[in-house]
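Written below as structure tokens is the structure these notes are about.
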Amino acid sequence: MQAVDEAQATDGPLLATQPLTFTLALHAVIASLTGMLLGFDLCIAGAILTPVQRSLELCYPCGDGSDAALARCSCAEKQLAISAVSIGAAFGALVGGLVADRLGRRPALLASDVLFAGGGAAMALATQALPWLFFLGRASVGLALGLGGAASSAYLAEIAPTAWRGRFLEFNELCVCFGCLGAYGVAYGLGDARWRVSIGLTTLVAALQLLLILAALHESPHWLASRGLARRAERARAALATKSSSSAVSISPPGLPDTDERALLCGGGASAAGAPRGLRELGGALWAARRQLCLALGVATAHAATAANTVLYYSRDVLQLAGMPAGYKCRTPRLTTPPRRPACCLPGPSQPYRSLRIVEACRGLRPAER
């Protein structure tokens with residue numbers, strides 16, 4: 001309780017001296033679009049797996065071709081269509097941090113947008129004759145996930161004031177959830193027949209973020225200072241801060257007091273910013289952060305062991321195999337005598353009016369015949 005009281009006591013002055021400005025909020029929203037793309041592309045595959053399998057004829061022939069039969073069928077092509085994103089994400093995660101450190105956070109985000117847009121377009125253009133476009137698009141999206149995820153999290157942590165850093169990163173996680181929820185909503189609203197439009201929305205959102213980054217996003221002041229670009233770091237810091245609160249954005253590296261920030265800007269140099277210049281320095285930095293590194297790896301391993309992503313990827317198949325019907329069906333009432341006209345169904349309290357075919361079937365019949 002005492003620790004909580006102390007945290008609450010110090011949080012108020014921090015929020016007062018480090019206000020959230022419009023420029024900072026805009027930068028956080030632009031960078032968090034990567035999280036929305038990440039959630040959308042993780043969940044859209046499970047929502048449109050059945051129409052993709054039917055359109056590209058994966059695992060064909062497969063029973064009677066119904067949704068339930070397609071859900072029961074499994075083959076290498078179907079598994080590759082799902083797992084290609086994980087293969088791409090593994091490589092993207094390996095090079096994502098390197099690209100963000102060497103080229104900058106902003107170029108890394110731009111590269112991820114190009115991969116997102118290209119992957120979405122490739123999947124939307126896949127046909128029975130060119131199914132490899134879908135596999136290539138999923139792998140490209142996976143590369144974007146690994147690259148953009150590392151760059152966006154680092155960027156948000158570096159531009160955020162101390163009092164807002166946790167909120168910025170949490171907002172990015174919320175965007176991942178919103179993107180996943182949006183994927184299911186878009187797939188339901190557009191339907192199976194328009195699955196190409198659903199998956200093509202990735203290209204539009206990625207193009208929007210790319211334009212916003214080019215037009216309004218500044219490079220991370222912390223990264224610029226770590227590369228010895230003191231003047232550019234000062235300009236970026238001034239652009240992200242306000243006149244009334246010039247210390248709203250801290251560019252001090254982790255573990256360095258805020259009082260040394262000016263020395264960091266003026267001194268420049270990669271070594272002054274704590275950036276390792278060789279394998280020995282890199283090993284020393286990893287050893288110094290061994291507890292945090294082990295904790296992060298443990299959480300990631302535990303999450304992977306739950307197979308949560310597998311449930312997302314095959315969510316529609318899982319629900320269909322569990323007995324959930326593919327759509328709304330109308331139960332025809334049993335009649336003791338053959339009807340003079342085709343029987344139709346009327347919506348009940350638990351069955352909404354969802355199809356115009358019901359209207360067409362019942363049109364022209366007298367109430368007694370209905």
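Miscellaneous remarks
- Count of residues meeting criterion [surrounded by 11 or more Cβ atoms within 10 Å (Cβ to Cβ) and closer than 19 Å to LEU98 by Cα] in the stretch 293-310: 2
- Failed item, numbered, when SER55 is tested on (1) surrounded by fewer than 19 Cβ atoms within 10 Å (Cβ to Cβ); (2) under 14 Å from the mean Cα position of the chain (by Cα); (3) not hydrophobic (A, V, I, L, M, F, W, C): (2)
- Taking helices (runs of 4 or more DSSP H) as the structural unit, those lying wholly within the stretch 60-165 and holding at least 1 residues that are in contact with a Lys or Arg (Cβ under 9 Å, 6 or more places away or on another chain), more than 21 Å from LEU217 (Cβ to Cβ) and touching a residue at least 24 places away in the same chain (Cβ under 8 Å) correspond to 67-72, 76-102, 105-124.
- 2 or more residues at pLDDT 50 or above, under 30 Å from TYR184 (Cα atoms) and among the charged types (D, E, K, R): qualifying helices (runs of 4 or more DSSP H) within the stretch 237-336: 315-321
- Of all residue pairs spaced 6 or more apart or on separate chains, those with beta-carbon atoms under 9 Å, a first member in the stretch 288-307 that is within 18 Å of ALA93 (Cα to Cα) and a second member that is surrounded by 10 or more Cβ atoms within 10 Å (Cβ to Cβ) and among the hydrophobic types (A, V, I, L, M, F, W, C) are LEU293/LEU286.
- Inclusion of LEU49 among residues that are out of contact with any Gly (no Cβ under 8 Å at 6 or more places or on another chain), surrounded by 22 or more Cβ atoms within 10 Å (Cβ to Cβ) and farther than 22 Å from PHE168 by Cα is warranted.
- Being within 19 Å of the chain's Cα centre (by Cα), of a type outside the set (Lys, Arg) and at pLDDT below 90 is a property that holds for GLY97.
The values are calculated or read from the model by the stated rules, or taken from the named source; none is laboratory data. What you see is a predicted model; the values in this text were computed from it and never measured. Because the Cβ atoms are built from the backbone with ideal geometry, glycine has one as well, and the counts that use them run over all protein chains shown.
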